[in-house]
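**Q** Attaching a single structure in structure tokens format; questions to follow.
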Amino acid sequence: MATNQSTSTNPVRRWFQLHVQNARDSLLELRSQPVATTLTVLVIGIALALPGTLNLVVQNGRNLAGNWESARDFSVYLTPGTDLSVAENLAGEIRKREEIETVQIIAAAEALAGFRESSGLSEVLDSLDSNPLPHTLIVRPKDKASGEELAGIGKELDDRPEVDIVKIDTQWVERLNAILDFLNRVVIIATVLLVAAVIIIIGNTIRLDIQNRKDEIEVLKLLGASDGFVRRPFLYVGLWYGLIGGAVALALMVIGGWLITAPLERLIGLYESDLNLLGIDIRGVLTMIAGGILAGWGGAWTAVSRHLAAIQPH
């Protein structure tokens, strides 16, 4: 029984050993051509690093936009002298709208106390007969609320008799989000084009390798080697190109991020923002490596499928 089990596992073990040997031999072949290999993987790394860097820029831009979401808040100033209960009723009505997330009431007395503390004009304010500041509502819309919806709410509130001024300005936030959406499309297009370029580069490299080993391939086919046996080493060459190119792309992104992080954080600090810059996480690392491997394998498979069949023994 033990002999039969060992025999049944031999084909699997043999298959695994062949793949390990092909992978090792392919890597040794790349090492035997250091200049050509280095130039190829550098080109692949740069091509993969560009869309990855653009994607990080867009992600940080969206993080920045989310950090500035409070800029979408708008203020509703009630007519001076309006009773606080009227402000509370109006706040309750606004909260019921599906576009609104929260409504904060700043009473006139609270606003006057804050202004007294920050301005240092307490003596001047004490000389006034009444509080000149109105009750104020700070309205925070939901993320899904569009600029048109907020403008409509602002116009509706401005028409109410108890409302004096509605201060709303979300156009620049809308512009920022529109720019980020545009950049996201650019990232997608750039990713497709650059990955296609990587496939073409690797495919052309494998094609030259096939042409250089044409006589060897003809001999192998004369000896009865299958197409899969002949194809496998070239596929592993493409895999190694993609894997090493992905690692180079990650290294370039890390170095670039390290070079610009300090001045960028200093710039963000000047705007008194607590934004945390997003870097390459484990998901980004796996995506870059997997993308490089798939592009390398795809380029090699394209070249092998096209050119290997044309080589037949005479």
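The values are calculated or read from the model by the stated rules, or taken from the named source; none is laboratory data. Keep in mind that this is a model prediction, so the values were computed, not measured. Quick reminder, even Gly has a Cβ in these numbers, built from the backbone with ideal geometry, and neighbours come from all protein chains shown.
Per-residue answers, yes or no, for (1) within 30 Å of His19 (Cβ to Cβ); (2) β-branched (Val, Ile, Thr):
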site: Asn177; (1), (2): no, no
site: Phe182; (1), (2): no, no
site: Val186; (1), (2): no, yes
site: Ala197; (1), (2): yes, no
site: Asn204; (1), (2): yes, no
site: Gln211; (1), (2): yes, no
site: Asp215; (1), (2): yes, no
site: Leu222; (1), (2): yes, no
site: Pro233; (1), (2): yes, no
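**Q** Within segment 78-125, track down each residue that is modelled with pLDDT of 85 or more, outside any strand (DSSP E or B) and of a type in the set (A, V, I, L, M).
**A** Leu84, Val86, Ala87, Leu90, Ala91, Ile94, Ala107
**Q** Would you please name the residue that is modelled with the highest pLDDT, looking only at residues in segment 1-37 that are farther than 17 Å from Ile206 by Cβ and of a type in the set (Ser, Thr, Tyr)?
**A** Filtering first and then ranking leaves Thr9.
**Q** Identify, please: which residue in segment 254-283 is modelled with pLDDT under 70 and in a helix (DSSP H, G or I) and is, among those, surrounded by the fewest Cβ atoms within 10 Å (Cβ to Cβ)?
**A** Leu270
**Q** Tell me yes or no: at least one residue of segment 166-189 is modelled with pLDDT of 85 or more, surrounded by 14 or more Cβ atoms within 10 Å (Cβ to Cβ) and not assigned by TED's automatic domain parsing to the domain that holds Ile244.
**A** yes
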